[in-house]
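The values are calculated or read from the model by the stated rules, or taken from the named source; none is laboratory data. These figures come from a predicted structure and were not determined experimentally. Glycine also receives a Cβ, built like all others from the backbone with ideal geometry; neighbour counts cover every protein chain displayed.
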Amino acid sequence: MVGTLRFAHPTNLPPPCRFLPAACSGPSRPSLKCRRMLTLRPYMSTDFDALYAISLATADAGADASRLYHDKHLVGAIYSAPYATLDPDLVVVAADEEGVGGFVLGAVDTVSWEERLERSWWPQLRWRYPAPDPEARGGWTPDQRRISMIHNPERAPIQVAREFPAHLHLNLLPRLQGRGVGTRLFHAWLRLANARGASAIHARINRANARAMAFWSRMGFRPITLPELSEGRTVWMGRS
């Protein structure tokens, strides 16, 4: 079963970084909630289920998608588990006293990554999840739409992958949002990716997720405008 896989703890990531939320600064006495310590640290095998849970809890344009899916592993099997499985050294998590509440992960060479998924990740999932009937597409459930993505994964447009070879995904549960955690996660991942030679990066954002669009803009990403990119639900943003 995909959700029960476990992986070794990477050893070449930076040590954990502990910090107080930005809202805790200032002359006033911080509240108990404000004094909670957050930790940015390398991914560990015990975080695997949390990646699945966070992926599902943010899959509805940034909101909780648990009500939409019968199989709670499908979203994570596409967007987070392959990174933790195939390249855990490029996964960083954010944790507080309630546990892991956010992550950032990605790849420095998108084209090579997509080829690796075809060799080492999608085959096992295609065996586990038979493709839905294309003739019944109009009546597909959310589960079936995700399963179709497993059998026909959307690749980054070649021009996007050429100009912005690296890509990443960053997800936070509501309790960690608005506290500067996403910014710190992004820069932690950027240091790891830069150490591998990454420079230009792209992110794929759901057009309906206005909060994510604003976040990536603050991180220096700009919409990628290319003739072959349609005005669909996906917005491609890049940073050089």
- [ ] Could you figure out which of (1) crowded, with 22+ Cβ neighbours inside 10 Å; (2) over 16 Å from residue 189 (Cβ atoms) isn't true of residue 67?
- [x] (1)
Open item on the list: If I go through region 95-130 residue by residue, how many of them are under 23 Å from residue 216 (Cα atoms), aromatic (Phe, Trp, Tyr) and not in a helix (DSSP H, G or I)?
Closed with: 1
- [ ] Considering every residue within region 198-216, establish whether at least one is among the polar types (S, T, N, Q) and at pLDDT 95 or above.
- [x] no
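Can you find even one residue in region 133-146 that is of a type in the set (Val, Ile, Thr), surrounded by 19 or more Cβ atoms within 10 Å (Cβ to Cβ) and either under 26 Å from residue 199 (Cβ atoms) or at pLDDT 95 or above (or both)?
No, region 133-146 has no match at all.
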Open item on the list: When you check residue 120 against the structure, is it exposed (fewer than 13 other Cβ atoms within 10 Å of the Cβ) and at pLDDT below 95, yes or no?
Closed with: no
TODO: Could you run through region 61-82 and say how many residues are assigned to a helix (DSSP H, G or I) and within 16 Å of the chain's Cα centre (by Cα)?
DONE: 8
Open item on the list: I'm checking my understanding of the structure. Among residues of region 190-240 that are touching a Gly at 6+ places or on another chain (Cβ under 9 Å) and among the aromatic types (Phe, Trp, Tyr), which one is surrounded by the most Cβ atoms within 10 Å (Cβ to Cβ)?
Closed with: 221
